[in-house]
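Nothing in this text is a laboratory measurement; each read-out follows from the coordinates by a stated rule. As the structure is a computational prediction, the values presented were derived from the model and not from experiment. Cβ placement follows ideal geometry from the backbone for every residue including glycine, while neighbour counts extend to all protein chains displayed.
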């Protein structure tokens, strides 16, 4: 893998690391609340995605200009490239941190306890479907999990 793609791949992960660690280690601290208030946590993965797209636009252009019947084949081809891997990873990281922040906020709001919040946050980033399932299960007694923001 070329060094630029490796660097972009790592940058999107490293960028969200401090936000994730604060939710995990200090879920109730004022510092965590302040850091997670804005949208800074999305700038890293978004920047990586945009830069990878600008450096190699042909993959995404093929998706929109190719035969619609062959869309799936084009997607498979794109994701099988180094740039496609970086694009997919930045997409995953951005989505995971967004959903994890929401689950963290709901856990704080519902006062479910530090260990429950930590397990939700851990799996929210490491294995999102499990994190979402734990969020639903651990927040069920609060009566506010159906509340959307």
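One table, with the values for the structure above:
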quantity: Pair residue 77, residue 14: separation of 7 Å Cα→Cβ label points (nm); calculated: 3.4 nm
quantity: Mean ellipticity per residue at 222 nm, deg cm²/dmol - from DSSP H runs of n ≥ 4 across the chain, formula -39500 (n - 2.57); calculated: -25000 deg cm²/dmol
quantity: Two-decimal Rg/Rh across the chain, once Rg and the Kirkwood Rh are taken from alpha-carbon atoms; calculated: 1.06
quantity: Among 104-111, 36-43, 117-124, the order from most to least packed when residues are scored by Cβ within 10 Å on average; calculated: 117-124, 104-111, 36-43
quantity: Inter-site label distance for residue 88 and residue 115 at 7 Å from Cα along Cβ, in nm; calculated: 3.7 nm
quantity: Fewest-first ranking of 91, 135, using other Cβ atoms within 10 Å as the exposure measure; calculated: 91, 135
quantity: Computed lengthening from residue 136 to residue 53, 0.36 nm per intervening residue step minus Cα-Cα distance; calculated: 26.4 nm
quantity: Footprinting exposure proxy for 74, 34 (fewest neighbouring C-beta atoms within 10 Å first); calculated: 34, 74
quantity: Inter-probe distance in nm under a simple model that places probes 7 Å from Cα toward Cβ, at residue 64 and residue 28; calculated: 4.8 nm
quantity: Prolate/oblate/rounded label for the stretch 1-53 (Cα gyration tensor, a/c 1.5); calculated: oblate
